[in-house]
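**Q** Supplied in structure tokens, the structure appears directly below.
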Amino acid sequence: MPAMAEPTAQRRHVVLSLSAGPETVPAARHFAMSYLAQWPLRPDVRDDAELMVSELVTNALRHGPPPIYLDVSLRGNRIRISVADSSRVAPQAMAVTTWSEGGRGLALLQAVAADWGSEMASSGKRVWCELPVSE
């Protein structure tokens, strides 16, 4: 079960430690959306942020062993969402067909996020994306 702490008002940065389980992705979405609710964001920005949290956490659960950390921050005019796991394997786009059940996560990041990337660390990797707060 995720270590859950409700974000406090007007914090510009929150981190959630996640363990693997069926409740992990919904708990991550709830945590991120609770944090972002304190800011006057357009509905489409909130929707994009929720989608990015789902994709990044799901990919970490599939490809990287726990511990997993969700980090959400407001940086200037962008929301930065990142997920760290203990895998040292860089994300790679997969060839998918119409019938593929997965493999579209990076394409989705590229289509929705203003910017995204991954960073390696001694303890694993962090995959992140940024969404514009306003246009």
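The values are calculated or read from the model by the stated rules, or taken from the named source; none is laboratory data. Predicted model, so just to flag it, every value in this text is computed and none were measured. Positions of Cβ are backbone-derived with ideal geometry, glycine not excepted, and every protein chain shown enters the neighbour counts.
**Q** Can you list residue pairs whose Cβ atoms sit under 8 Å apart, with the first residue in region 29-43 being surrounded by 13 or more Cβ atoms within 10 Å (Cβ to Cβ) and the second being part of a loop (DSSP other than H, G, I, E, B) and among the hydrophobic types (A, V, I, L, M, F, W, C)? Count only pairs 6 or more apart in sequence or on different chains.
**A** Listed pairs, sorted by first residue: Phe31/Met4; Gln38/Ala9; Trp39/Val133; Leu41/Val133.
**Q** Filter region 87-128 down to residues that are surrounded by fewer than 12 Cβ atoms within 10 Å (Cβ to Cβ) and either in a helix (DSSP H, G or I) or at pLDDT below 75 (or both), then give me how many there are.
**A** Looking only at that region, the number is 9.
**Q** Out of Leu70, Leu131, report the one residue that is under 16 Å from Leu18 (Cα atoms), modelled with pLDDT of 95 or more and either surrounded by 15 or more Cβ atoms within 10 Å (Cβ to Cβ) or not polar (S, T, N, Q) (or both).
**A** Numbers: Leu131 fails: under 16 Å from Leu18 (Cα atoms).
The match here is Leu70.
**Q** Quick check on region 62-79. Is at least one of its residues part of a helix (DSSP H, G or I) and either under 20 Å from Ser118 (Cα atoms) or β-branched (Val, Ile, Thr) (or both)? Quick ask: steps written out before the conclusion?
**A** First, the residues of region 62-79 that are part of a helix (DSSP H, G or I): 62-63.
Of the ones still in play, those that are also either under 20 Å from Ser118 (Cα atoms) or β-branched (Val, Ile, Thr) (or both) are 62-63.
Looking through region 62-79, at least one residue is part of a helix (DSSP H, G or I) and either under 20 Å from Ser118 (Cα atoms) or β-branched (Val, Ile, Thr) (or both).
**Q** Could I ask something else about it? On the given criteria, is Arg42 basic (Lys, Arg) and modelled with pLDDT under 95?
**A** Details: basic (Lys, Arg): yes; modelled with pLDDT under 95: yes.
Yes.
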